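> First, the structure itself, so that you have it in front of you.
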Amino acid sequence: MEHKVRIALMALVLALLVLRLLLLDSADEAQGEGSVIWHNEQELAVMAELENREAAPVYTVSDGSMEADSEYADLYPDMYVTAVMPESRQEEERIAYLTFDDGPSSVTGDILDTLKEEGIRATFFVLGSTMTEQGEENLKRMAREGHTIGIHTYSHEYQDIYASVESFLKDFNRVYEQITELTGVKPAIFRFPWGSYNEYCREIKDEIVEELGRRGFTYYDWNVSAEDSVGTPTAESIYENIRKDYTKYTQPVILMHDSGSNALTAQILPEVIRMIRESGYTFDTLDHREPCQFGY
Ligand SMILES: [Zn+2]
């Protein structure tokens with residue numbers, strides 16, 4: 001009898017040992033597969049920050065890892081940028097953002113001179129098709145002197161760029177490569193020719209925004225227009241168009257142009273800067289600002 005009890009006890013101990021081994025094994029496997037991973041506090045903080053970042057769609061940092069989601073993923077594998085990260089500003093803080101479209105041109109050098117004299121940084125949305133040797137020098141100068149370069153398409157021809165999403169991307173990539181090669185800077189912001197709300201791009205605009213957003217690009221419209229590229233402007237009309245509107249905003253985004261036909265803009269610029277400065281504004285580049293986009 002005593003013998004049987006001893007055997008039974010030994011069997012029980014053995015069974016318990018086997019069971020314990022099995023349990024340990026499966027726990028190891030689970031950890032190996034990544035379902036049970038422990039993080040220290042620092043790692044958890046970094047993870048939380050990354051998650052928060054991904055929750056803000058406009059500023060998502062794009063590194064190309066989301067390529068699979070897009071039908072345009074195979075196109076232009078180098079056209080990915082780190083999205084701009086606007087600085088946090090108080091709403092009442094007065095900052096003016098001077099922007100110049102359609103350059104560089106023979107006028108751009110004068111504008112850069114004025115900005116340098118005034119110690120101001122601005123934003124240039126440039127074209128590729130009109131680039132001259134002088135334009136290339138001015139583009140490099142923009143980068144060197146701390147201005148922000150944005151893309152305004154290569155051709156600015158609405159029949160080309162707005163024919164389809166593919167044709168927009170093709171044109172966009174052309175000037176993107178041009179800027180990157182000349183300056184070493186990857187432009188991460190852009191402005192639609194005629195702004196984001198125009199009849200040429202209405203059909204495909206959302207898709208362009210989505211695809212370029214996926215690649216890290218942010219677009220900016222404006223809220224004050226100098227109207228220096230419409231009709232027959234005068235230096236006075238340019239000044240007046242800005243004067244009547246910019247104080248409506250604590251952070252105005254002012255549309256001007258530096259194409260070859262905008263000598264008057266360059267001429268009146270020092271006075272425009274003086275006016276804005278005297279009413280308590282400082283100046284900055286657009287990539288530091290929350291996106292300014294037309295609401296419609
Ligand atoms: Zn334009």
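All of the numbers you see were taken from the coordinates with simple rules; none came from a lab. Because the structure is predicted, anything quoted here is derived from the model rather than measured. All Cβ positions, even for glycine, are placed from backbone atoms using ideal geometry, and neighbour counts span all protein chains on display.
> Write down the Kirkwood hydrodynamic radius of the stretch 67-288, to one decimal in angstroms, obtained as one divided by the mean of 1/r over all alpha carbon pairs.
17.8 Å
> Continuing with the same structure: If you count, for each residue, the other Cβ atoms within 10 Å and average over each peptide, how do 230-237, 75-82, 259-266 line up from highest to lowest?
259-266, 75-82, 230-237
> In what order do 257, 156, 288 fall by count of nearby beta-carbon atoms within 10 Å, going from fewest to most?
Lowest to highest Cβ neighbour count: 288, 156, 257.
> Give, as ranges by residue number, the residues of the stretch 231-256 whose backbone N falls under 20 Å from the point 7 Å along Cα→Cβ of residue 93.
Within reach of a label on residue 93, which here means backbone N under 20 Å from a point 7 Å along Cα→Cβ, the stretch 231-256 contributes 247-254.
> Tell me which trypsin sites (Lys or Arg not before Pro) from the stretch 232-296 have a DSSP coil assignment and no more than 10 other beta carbons within 10 Å of their own.
Of the trypsin sites (Lys or Arg not before Pro), the ones in loops of the stretch 232-296 whose Cβ has at most 10 other Cβ atoms within 10 Å are 244.
> Now for a different question. Which ³J(HN,Hα) values, rounded to whole Hz and listed in residue order, are derived for the stretch 218-223 from phi using the Karplus coefficients 6.51, -1.76 and 1.60 in 6.51 cos²θ - 1.76 cosθ + 1.60 with θ = phi - 60°, glycine and proline given as x?
After applying 6.51 cos²θ - 1.76 cosθ + 1.60, I find 10, 9, 10, 8, 8, 10 Hz.
> Same structure, new question: Can you pull out the GluC sites (Glu not before Pro) in the stretch 74-165 that DSSP calls coil and that have at most 15 other Cβ atoms within 10 Å?
Values: sites: 87, 91, 92, 93, 117, 118, 133, 136, 137, 145, 157; in loops: 87, 91, 92, 93, 145, 157.
In loop regions of the stretch 74-165 (DSSP not H, G, I, E or B), the sparsely surrounded GluC sites (Glu not before Pro) are 87, 91, 92, 93, 145, 157.
> Taking the Cα centre of the stretch 67-288 as the origin, how large is its charge dipole in debye, to the nearest 20, when only Lys and Arg (+1) and Asp and Glu (-1) carry charge on their Cβ atoms?
580 debye
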